[in-house]
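Input: a single structure, listed below in structure tokens.
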């Protein structure tokens, strides 16, 4: 056995299933946790825990996609601007690679081009009053968004300056579905954080309950012995 393979074998960690007491090979827990963050359930598939991995992947991704659909792709975005800090994105980031486009869109909007990286506009942060955008992006919004008009922009060559509040437009357009979409996507990210923890350390055990039950049984045995002795 080579030194590299010996080091790899030493990194393999085995957990005990709380259901039947069988051994669970966590392999390399840190790498499994990274895979679990990257795509929900992928870390468990790597560890050979296929049923859990398939369940986590289907449930969490379905919940996330459903939230995006309810929110018209607008509820997941990264924004750290003073007047629009999207703290919910901290939870969204738990979903892994599915939330990365929001970061790319945010960086692209604040970059030199002042327009989203993807023309579709999904996960693009909302325009704020006074924000500069490219002329092409402004024209695209006027042509495709029924809530935005040509009068919503000032001409500031070589850009255009937005003079409305797009967040208010989204709330007016989507109504309660904006909040529902936010809730679904946030829950998906938070659930995946638990999945990451499970891939890292293995399933949780009710050790405290077992200790309490064993302690109580010992006390009962002692009381029975004292009764018989008396």
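A short reminder: the numbers here are calculations on the coordinates, not readings from a lab. Values in this document were obtained by computation on a predicted structure and should not be read as measured data. Quick reminder, even Gly has a Cβ in these numbers, built from the backbone with ideal geometry, and neighbours come from all protein chains shown.
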Under the 7 Å Cα-to-Cβ spin-label approximation, residue 147 and residue 100 lie apart by a distance in nanometres of 3.0
Descending packing, highest mean Cβ count within 10 Å first, for 71-81, 49-59 is 71-81, 49-59
When 14, 167, 201 are ranked with the fewest other C-beta atoms within 10 Å first, the list becomes 14, 201, 167
Each label sits 7 Å from Cα toward the beta-carbon; between residue 193 and residue 31 the label points are separated, in nm, by 2.7
Taking r as the C-beta separation of residue 62 and residue 108 and R0 as 41 Å, the FRET efficiency to the nearest 0.05 is 0.90
Counted neighbours (other Cβ, 10 Å), sorted fewest up, put 178, 31 in the order 31, 178
Per the rule of 0.36 nm per residue minus the C-alpha distance, extending residue 135 to residue 180 adds in nm 12.9 nm
